[in-house]
Structure formats: C-alpha cells, structure tokens
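Let me begin by presenting the structure, written as structure tokens, before commenting on it.
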Amino acid sequence: MTVQSRVREEAGARKASRMERRGKFLYVNGEKVYLRGVTYGTFRPQPDGTMFPPPEVVETDFRGMVEAQVNAIRTYTVPPRWLLDLASSSGLYVLVGIPWEQHIRFVDDRKTRKGIERAVRDAVRNCAGHSAIVAYLVGNEIPAQIVRWYGRRRIERWLRHLYGLAKREAPDALVAYVNYPTTEYLDVSFMDFACFNVYLETQERLRAYLARLQNLAADKPLVMTELGVDSRRNGLERQAQVLDWQVREVFAEGCAGAFLFAWTDEWHRGGYDIEDWDFGLVNRDREPKPALDAVADAFAEVPFSPIRAWPRMSVVVCSYNGARTIRDTFEALERIDYPDFEVILVDDGSKDATAVIGREFGVRVISTENRGLSNARNTGYEAATGEIVAYIDDDAYPDPHWLHYLAHRFTQGDWAGVGGPNLPPARDGMIAECVANSPGGPVHVLISDIEAEHIPGCNMAFRKIALEGTRGFDPRFRTAGDDVDLCWRLSDSGRRIGFHAGAVVWHHRRNSVRTYWKQQRGYGRAEALLERKWPERYNAAGHFAWTGRLYGRGLTTALQWAAGRIYQGRAGAAPFQSVYQPAPGAFASLPLMPEWYLAVLGLAAVTALGAIWMPLLATGPLLLVAIGAPFAQAALAAVRAACPGRRGIRALRHRLLTGLLHLMQPIARLSGRIEHGLTPWRRRGHGLALPFAFTESAWREEWQSIEARTQAIASSLKRQEAAWRPSGDFDAWDFEVRGGMLSSARLLSSAEEHGGGHQLVLFRAWPEISNFALGGIGATSALALAAAIDGAWLAAALLALIAGAITLRSFSEAALAMGTVKSALAEYREAAK
C-alpha cells in the first residue's frame, strides 16, 4: 500500500472539523486551539510539477513536527490532496498559501488579474471541505513599493475582492491576508483574522510590537505567520535562544498562533535553491538543530508555563437580579485554567434566584441588602483573599485563560490595575448585534498599546492594596460610573493601569431597544454624577474628552476632511509604516455630543421666528446642516457596521436599526444628564461678587512652594463643588472657575520673597465672558437692530429679549465665578494666618 492510499484511509476516518474564530482566538469543535506552527516550503518542484517533497519525506517531516509539539503548518503553495490527507492523519492543521504575482504591477494587466482570480478560486475549490484546513491566505506581503505605486485604497479593494472570491467558493472557511510591518497601514479588517510576518530579535521590541498589532487586529485573532532567526549568521545556540523567547512572548501577548520560519533549511525560490540562509529547525539533511528542542519545550507550555509562580486572584461577581445570565458566568469560571483563584458572588439584594445559582456552583456567596454596584464591589474586595481582585459582570463570561493574561500583565510592571477587551457573543440576536455596533457600550481607553486611561467594569482587575489605598469604589455611583471614577483616582495618585488584549470576556449586549435606551439614560445620570465630582475634567458644555484613544465596537466617527497620514519614510523606505490618524477637531466632534441636539433646538427656534421676520429664514440651511450631521454620522456607522451572516433584506434591517441606535444614543444620554443637572445652563459655585477684576494678597510666615499653593486653592475649589480646571502649559493663569456655560473667572497667583521664609502671596482675578456668549449677544443684538429698521417690531423685541437674557446670564455667571474665587481666597488667607 502506498503512503498516499494509507493516509487517505486514515484521514477519511478522522472526525471532520472546522476551524472557526471566536473573538481573539480560534476554536475547533468548541475547543480553543493555539496554532503552534512551522512554515513548510517552498521546495524545488518534483518532475511531475508537485511543489512538495515525495510523500515518504513529507511523512517523516510531519512525524518530526508532531514530536516537537507542532500542530500546524503554513504552506506557500497550494498543497495536493494527499498532503492534506497526510497532515490530517498526523493531527496537523494546514494554513494554505495561494501564490500569485504580487511583486509586479498586477492591477494594470487584465490578463494577470484574471489569472490571479482563477488561482484563488481553483485553490479554494480544490481544498474546500478538507478537515486539515485552517484557512486560506489570499496574499502574502505585497511589496511596499507596489502598494505605494497604486495607493493603499486600490490594494485594499483588490484584497477585499480576493476575499470575496474565496468566500464564494467556501463560505464557512476562514480567509486572511499576510501583512508585514512595511505595509502595516493597510486596512484589511474585513479579513477573518490578522496575520503578520515579523522579524524582531530583541525581546522588548517584539513585545511592544505585538501589543500594537493586537490593537490593530481589534476583536479578531492575531496570528504571527512568520518568526525566525538565521542560524548561519547568528549561530545555532543564538537561534535556539531567540526562538524560545519569541514563541513564549507571542503567546503571552494573546496571539492565537505562531508559525516559525521554517521547518527545514531546504528552501527554493525563484528557480534557485537558497544556500546562504539557514532558518530551519532542521538542516537540509533533516538533522535537528538545538532550536528544535527549544521550540518543542516552548510549544509544550503554550500559552504559559505551568510551573510559573502565579499570584492568588479573587474573582468578584456583583449581581442584582442577574439570574437570567449569571449561570453562563459561573459555567465559564469553572473552565478557567488558573492554578490559584477563588470566586465570590456579592448578591446585592436580588429578588430572583441569583444567590441560589451561586451556591449551586459552590462559589462563596455574600448576600446584602440592595446598596448599589459600588458598595457591592467594595464588599467583594474586602472579602477577597487574593493579591489581585478581578471583576466581571453577571452578564459576561471569561475566556479560559482570562486570569492568566491579567496576571501576566501585572507581573510585567507596577500596574495598579489591568483590564482587557469585552466582546459581544455571537448568536445573541439581531438587536443585540446592532447594540454592539452602536455607541455607549463598555469600551477601553488606551494611552499606549499596553497602558489604559480607563478599563470598563465588566473586565477589570486591581491589586487589592491599590483598592485599599483608594478606599475602593465611591458609593454614590450605584449603577455606573464607578469604574471611571476609580481609574481617575488611581491616575491622580500616580498609579498606572495596564491592558492586555488576550484577557477577553464575552459581554452580552442589551437585546431590546427599550433596555438600550434605559441603559444609556443611566449612563447619562452617571456622567452627571462624575461631573459633580470631577468638574475640572469637563468643559463648559458639560462634555468630557478622553486624552487616550477609545477602542471597541460601535464608536461613532467624527465627520472630518483630514484623513490619516501614512509614515512612509524617504521614498517609502521606512521598515515600519503606520497610519497616524489626527484627532478630530473640536468642530468635527460637536455632532457626537449630546448637547448638539440642544443646539439644533435653538436653531429651530430662530428659524421659526422667520414666520414673523423673513430674513431669519436664512438660518434654515444651517439648521439643515445641524440636523444632517448626526444623520450622516449614523449612516456612515451603519454602513461600516459588522453584520456577519446577513445578506439582502436582513442586512438592510440590521444597518437601519444600527443607524437608528446611533441617533438615539446621544438623546438618551442627554435626557439622563439633564435629569441629574448636567446641563449647559447649570450654575456651580457659592457666593456672588461684582464681576470686576481685583487684586488681593496674603502674608505667610512660612514659605510655601508653588505646587503646595496651587494644591491648596484646588482643594478649596473642590470643597465648594465649583466647576474649575487648572491651567495648561501655555496658559498665563493658574485656575479657571466657571459660573456656567457663558462666563468664568480666571485666577493668577504669584509671591514676593521677603527673606526668612516669609512670603507675600499675590492674587489677581478677572472675569471672562466666553466668545460664544459675546457672539450670541452680538448676533442677536445686530438682528434685533436690523428687524427694528425693517419695521418688524415683534421680531426685534423678541431678539432684543434674547440678547438681554444672554447678557444677564453672562454677568450672573461671571458674578458667581468671581464669588467662588473670593471664597477660595478667603479660605486660603485664613489658613495662612
């Protein structure tokens, strides 16, 4: 019996399986699979044209791979059926590369394009349905100079076209494109997972770049399709050493797979045997190198070494009437692969079977009266016995290696907290999918690829000592906002928060429009509470802008003309080429804010006055633009929204609902904020003073630093619950205190040094009427005058009334701000005595 016939029988008996992606990882028959791979080829063609060695050699190679803990191979040419059968019988998965003429100007030539299309269709058709197939690679490293010649958009459209061709031949198969750092900027997010070839031989640089690639991959798996070290130039021992930590770093950073280049030094390319590079784990005679044992040891411990010392962790689940979904949470926690952890359920006064389900799973249950989410989370960490306390919501469930990835990031630095992504589960229904594609969901905000400004409460972990140092969560936040508040307090205390892309939890989204509306109104109320506690972080309109970048699904993109710029280097020679996206300008971001809808109402009111004075109808086009901007953003978001498996009318319904939710969300947030006083017309502060500039001083017998002085004034403003903000690096004042949206007061301080540590501290304060107020007063006054001249006395009176109201409001806000400043200075002088 030939090798081919024997393996065909063995492969036929093997249970059929299909690789599928779930979030950041790959699964087969419901089991998570890490691809521990090597590249195989390219080889000198056989006399019959086969691009692989004889079956007997391949069988020997596969046997050696399996002994080295390899479970997958990547080919650069389409494998024959017998090789796939042999891989299947050996327990190996195959990542099928489809070769085509990517190094030439393929877009210009119709014959070349047709040949490429035919090659993709034939490759997928010939291999489709085989149990050994992991995915099809419809391209590999299109040269940067070719991409630069055509422009990124044409290349992206071409790759999308090839993706579609492959999917038509095998709809259930995974399809990907292999990118590399020189064309990192290509947007191939439509592929089923992200693939990169990366050769970095410094551990710190590889770790940092993996974190960057994970954020580029977003909610899809990241597979490193080439890693390698040339033993000819680096030596055999150096190759073994580098490959060992490369494998460990790749999986520790949450990658779904890694393919080492290559299995053997035997390498044929462009009609020639390559003799001056030796990247193989075995040499051309199949003699093993030291790297083979090193890689086998590393692969055997994927994703982490079982003998590594891990900190004890406490998982806290806080729930109020969460019986509908909490069973999924506990079932997933039972599958957690971590050596030392406990699970604590804090039942916050539930009226359903939440506590009963917790006891059914044998977790530690703490039942309390209903006191709100923050109190429940505090109860959890106070009862925790772990060094690290990890929080997960009762409508979420974790990846089996969730705790490993969190703990790994903690061990890499002095992080006070660490979080990870939260992804919507598949098959939750169309409405839940649309909600997942809509704004207002739990997202993480990153300052860098591994440092976060904010991590959402459904997936966050903190050192217990850090929680104790900040006294935990603020009880005023009963349903939301507590995670934001804690992150800000940790940041203000000099602590840092980390992020790990592999620490995934699956978080159910709201499955009805009504519950989504209710959730967003609740978030609006939380924003109002946050603004009361952190007024210095909000602008005059009551809007907060993160300093970091938001990551997650459903984010609405600001409408702006400026596109991202690609860092290419001189003549496109940079080895790492990235897209640098400019931050949206203030004007472009306005339609994203809930307050935009108030501006629309104001414009509508002015336009309505056109009924009594025709010239005011000229604001009609501006009103249409104001109304159209949110609709344009919603339409853009709906078009970009992911709707997997939906075609035709189902896809249209999905996109229409997504667009509607994008329009609803700011209105829901605004209604919740107004209910709790976060409005543009709110007044903050204590006392009134004439809105005129003044100068004061305070004598100090003891010397005080600038930092201590500003901190004392800031503390006073906080006690007054004033709306204030400190100066920036380019401001000629120390504090700005807002009386409202229209006016503020600014404070400048200085000091005379009188020797012996004595100081005369000087203060100067003055009112500031905002440009918005001045513009409103000027515009309405001018229109009132024009209406009077035109004889439209009713319109003139109404416009003059509006101008007067804005003026009075501006002066009253300035008086409130100046009074607040005077109160703070009086407190400072009293403390200085």
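The values are calculated or read from the model by the stated rules, or taken from the named source; none is laboratory data. Everything quoted here is computed from the prediction, not taken from an experiment. When we count neighbours, we look across all protein chains shown, and the Cβ atoms used for this are built from the backbone with ideal geometry, even at glycine. Calculation scope for accessible area: heavy atoms of the full protein, side chains included, ligands and nucleic acids excluded. Shrake-Rupley method; radii C 1.70, N 1.55, O 1.52, S 1.80 Å.
Summary table
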| quantity | calculated |
| --- | --- |
| Directionally averaged shadow of segment 330-369, computed from the convex hull of its alpha-carbon atoms, nm² | 2.9 nm² |
| The chain pair-distance distribution - Cα-Cα, 10 Å bins, rounded % | 2, 11, 18, 21, 18, 14, 9, 5, 2, 0, 0 |
| At most 11 other Cβ within 10 Å, DSSP loop - GluC sites (Glu not before Pro), segment 319-401 | Glu369 |
| Probe 1.4 Å, protein heavy atoms only - accessible area per residue of segment 708-772 in square angstrom | 47 Å² |
| Prolate/oblate/rounded call for segment 602-721, Cα gyration tensor, a/c under 1.5 rounded | oblate |
| Segment 199-314 - charge dipole about Cα centre, Lys and Arg +1 at Cβ, Asp and Glu -1, debye rounded to 20 | 560 debye |
| Accessible solvent surface per residue of segment 371-415, calculated while the other protein chains remain in place, 1.4 angstrom probe, Å² | 24 Å² |
| Helix 81-90 vs. the chain, principal-axis angle (Cα, 0 to 90°, nearest 10) | 80 degrees |
| For Trp277, solvent-accessible area (1.4 Å; no DNA, RNA or ligand), Å² | 100 Å² |
| Cα-based Rg of segment 407-524 normalised by 2.2 N^0.38 Å, two decimals | 1.12 |
| Qualifying chymotrypsin sites (Phe, Trp or Tyr not before Pro) for segment 727-829 [loop in DSSP, other Cβ within 10 Å: at most 13] | Phe730 |
| Total charge dipole magnitude, segment 143-253, about the Cα centre, Cβ charges on Lys, Arg, Asp, Glu only, Debye to nearest 20 | 540 debye |
| For segment 720-792: relative contact order, % (alpha-carbon pairs under 8 angstrom, 6 or more apart) | 20 percent |
| Rounded to the nearest 10 Å², the accessible area of Thr354 at probe 1.4 Å | 0 Å² |
| Average accessible area per residue (Å²) across segment 176-258 - probe 1.4 Å, nucleic acids and ligands excluded | 30 Å² |
| Formal net charge of residues neighbouring Trp277 (Cβ-Cβ distance under 14 Å; K, R +1; D, E -1) | -3 |
| Around Ile667: net Lys/Arg minus Asp/Glu count, Cβ-Cβ under 12 Å | +2 |
| Charge dipole (the chain, unit charges on Cβ, about Cα centre) - positive-most of Ala618, Pro456, Val28 | Ala618 |
| For segment 318-442, radius of gyration divided by Kirkwood radius, i.e. Rg to Rh on alpha-carbons | 0.96 |
| Given charges at Cβ of Lys, Arg, Asp, Glu: the chain dipole, positive-most of Ser88, Ala634, Thr695 | Ala634 |
| Candidates per trypsin sites (Lys or Arg not before Pro) in segment 395-477, loop by DSSP, up to 13 other Cβ within 10 Å | Arg427, Arg471 |
| Protection-proxy order for peptides 207-218, 114-125, each taking the mean of Cβ atoms within 10 Å per residue, highest first | 207-218, 114-125 |
| Order of exposure, largest accessible area first, which applies to Thr77, Thr547 with probe 1.4 Å | Thr547, Thr77 |
| Accessible area of segment 707-833 belonging to carbon and sulfur atoms, whole % at 1.4 Å probe | 63 percent |
| Rounded Å value of the spacing that divides the Cα centres of segment 463-493 and segment 72-90 | 53 Å |
| The chain: calculated mean residue ellipticity at 222 nm from DSSP helix runs of at least 4, using -39500 (n - 2.57) | -13500 deg cm²/dmol |
| Point-charge dipole on Cβ atoms (K/R +1, D/E -1) for the chain, about Cα centre, debye to 20 | 2740 debye |
| Protein-only accessible surface order, largest first, of Lys24, Lys167 at 1.4 Å | Lys167, Lys24 |
| Neighbour net charge for Ala240 - beta-carbon separation under 9 angstrom, K R +1, D E -1 | -1 |
| 0 to 90° range, to nearest 10: angle between helix 55-67 axis and the chain longest Cα axis | 50 degrees |
| Area accessible to solvent at Cys318, 1.4 Å probe radius, in Å² | 20 Å² |
| Rg followed by Dmax, in Å, when segment 712-833 is reduced to its Cα trace | 19.6, 72 |
| Mean shadow area of segment 241-400 over all directions, Cα convex hull, nm² | 13.3 nm² |
| Per residue convex hull volume, Cα atoms of segment 266-343, in Å³ | 187 Å³ |
